[in-house]
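Worksheet for the structure shown next.
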Amino acid sequence: MKEEKEDSIDKLFSRGLNDPGENAPYREGDWDAMEAMLNGRKPKGIVRSLVLLAGAAAAMLLLVIGWLYLNPAQKTGTPPQVVKTKPQVQQDTGKYGPPAQQLAESKSNALSASDSSAMSANDISRKSRSFFTLSADAGGRNTAGKLGINDIYTARVIKPNRDTTPPDKTVSMAINTTKTDTLITPKTDKLANNSMKVDSAIAEKKPVLASVVDDIKPNKKQAAPASSAAFKPTFALSFVASPDINSVKGFSQNKVGTNAGLLLTMGVSKKWSITTGAIYADKPYLTDFANYSSAYKFTSNPASVSASCIVLDIPLNIGYQVYNKGGNKFSLGTGLSSYFMLRENYTFNYTGVYPGGPATYNIRNKNKHIMGILNLNMTYQREISSKFGVGVQPYYKLPLTGIGYGQVNLKSAGVAVGVTWNINSALKPK
Amino acid sequence: MGEEELYRLISGCLKDDRLSQKLLYKAFYGFAMGICLRYAANRYEASEIMNQGFYKVFKNLNKYDITKPFKAWLGRIMVNTSIDYYRSNLKIAYTEELDKAEHINDTEYADQNLNYNDLLEMITKLPRAYRTIFNLFAIEGYTHEEIGDMLNISTGTSKSNLHKAREKLKVMIAENNRIPGTVNKQSNDNIISITQQSNPNLSVSFVNNVTKQ
């Protein structure tokens, strides 16, 4: 009897689902995918390959934009050292006038104040190699009035005209701009909020501003309070190790370094996460002496410098999950790293037989670059169980400031592999 | 499609003729999709599996024995591709506990008047492991031993999963009978029109019958 009954439910489905009839109509899009597959692509999943493609494209875009904005062609004498932060702020405010003066100016002339802040933002981001100059500029902006939506547009709009038009003669500026700029009181939280929103909205176009905003504490607090209130944060601990390629100019002269460390990831929403931790890294590199700057005057310049640096890398990254299905997760991340140079050993290579300068130079614990390195990464993670996962992460580290004693533009690219332990997870596994 | 036409298309496909490939694809699209939809979680996944299956068909067409029915050969490839897909997305899939099944009246299920979409929706709602085993046993007609080999599980697991799949389907059918035309609908909210013209100051509240009781 029981057998019969079960047989009958089987029959119901067997008959009912035997022929889809009109329920599975032909779709041309499916054939297009089929044709692409037949044209020599591997028979990968359409969805998966699309995600991979989109991920790769996004990472490339970030990379290119980051490069354009953060790696200016000319190297100037701007001191990139950490200790120079304060003088930089003073210099800024000195140059463009104290807030009160700006206020007065903006009252008399709509453009002068906004233009000067636009100038400062633009000029500094263009000329300087140091992130600290950038963050000092952001601080300067805080005292001189928050940049609002309109200011950002102003900065962009005015740029081409700046050379031909003296700043204090142009009057045709929107009234909104003046208002935003003249509200200097620290209570302008709303405006700060606005500026934050706009900054993140145009983050793709202006990564410099985005990273600056990221670094300003009050703004950062406003970044994700709503989502974290609704979402129980999750924590995961990862051990990562990676080989990477270090290079100063292009990737022609490169050396392979090693990294190992612990990372803590906090999921602040379903898609967004924040990662920090500590990575102990050995970064050897070789560069032409031209890329190396030193206070010491060599009697005859060395041809090249080989360096071996032991670095403690403290990253602070945000990640966005673009794909999560069947235990496979794919996410894109960016953020800033602080380098603490634990040991720097430089060897100077001379071409002549009788070298006229020192052969080596060793430093310990002297240089640090707080939030001086931009991180870009993609992460693929595979769940082994509900608690453990393994991951692969191609990454790229782009300096915003000169690294080490030689203030070199030390880039690193590598692939990290790691294991992750989910301390608590928001969603119960199926 | 006549046999002659089919052979013409197959011989075209063997020469890698793109038009023949497209015509063959189009001719068996519905049949193949019907199989894949049963195994997949959604339509996108189904077309992904189906295309992988057709790729195998086109690449291995020289192995097709022309004396045997083409449809059966194609169908077997689609089922195998679905199983490959299932294996590659295998999670810890056998852990799901059986829901507390309410008592279900003995019904003659074969007489149920359920259309294709209702049945497909039910089968799609099953967990992937149950769905795969139910498909292989009930629709494709494989034995538990064969299924065990295919999915690399024991015969016992196959049997118990089939049983759980049937139980779940029975619950779904029972629910469907209670509210005809809807497989799964739970709505207790009263909907109040907010476009009242007579009294503009009317305050709008949403009353939930369940909580009010």
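The values are calculated or read from the model by the stated rules, or taken from the named source; none is laboratory data. Small disclaimer: the values here were computed from a predicted structure and weren't measured. Quick reminder, even Gly has a Cβ in these numbers, built from the backbone with ideal geometry, and neighbours come from all protein chains shown.
Looking only at residues of the range A:282-297 that are touching a residue at least 60 places away in the same chain (Cβ under 8 Å) and not hydroxyl-bearing (Ser, Thr, Tyr), we find that the one that is surrounded by the fewest Cβ atoms within 10 Å (Cβ to Cβ) is A:Asn291.
On the given criteria, is B:Met50 buried (at least 18 other Cβ atoms within 10 Å of the Cβ), at the interface with chain A (Cβ under 8 Å from one of its Cβ atoms), closer than 23 Å to A:Asp10 by Cα and modelled with pLDDT of 90 or more? Quick ask: steps written out before the conclusion?
Numbers: buried (at least 18 other Cβ atoms within 10 Å of the Cβ): yes; at the interface with chain A (Cβ under 8 Å from one of its Cβ atoms): yes; closer than 23 Å to A:Asp10 by Cα: no; modelled with pLDDT of 90 or more: yes.
So B:Met50 fails the test.
Going through (1) closer than 30 Å to A:Lys232 by Cα; (2) surrounded by 19 or more Cβ atoms within 10 Å (Cβ to Cβ) one by one, A:Asn324 falls short only on (2). For the condition free of Cβ contacts under 8 Å to residues at least 40 places away in the same chain and polar (S, T, N, Q), A:Ser273 does not qualify. The residue that is farthest from B:Thr124 (Cα to Cα), among those in the range B:27-47 that are modelled with pLDDT under 90 and more than 9 Å from chain A (Cβ to nearest Cβ), is B:Asn42.
Of B:Val183, B:Val171, all but one fail to be modelled with pLDDT under 50, closer than 20 Å to A:Ser14 by Cα and within 14 Å of another protein chain (Cβ to nearest Cβ); the exception is B:Val183. Of the numbered conditions (1) within 21 Å of A:Phe239 (Cα to Cα); (2) surrounded by 21 or more Cβ atoms within 10 Å (Cβ to Cβ), A:Asn367 fails exactly one; give the number of that condition. Result: A:Asn367 fails condition (1) only.
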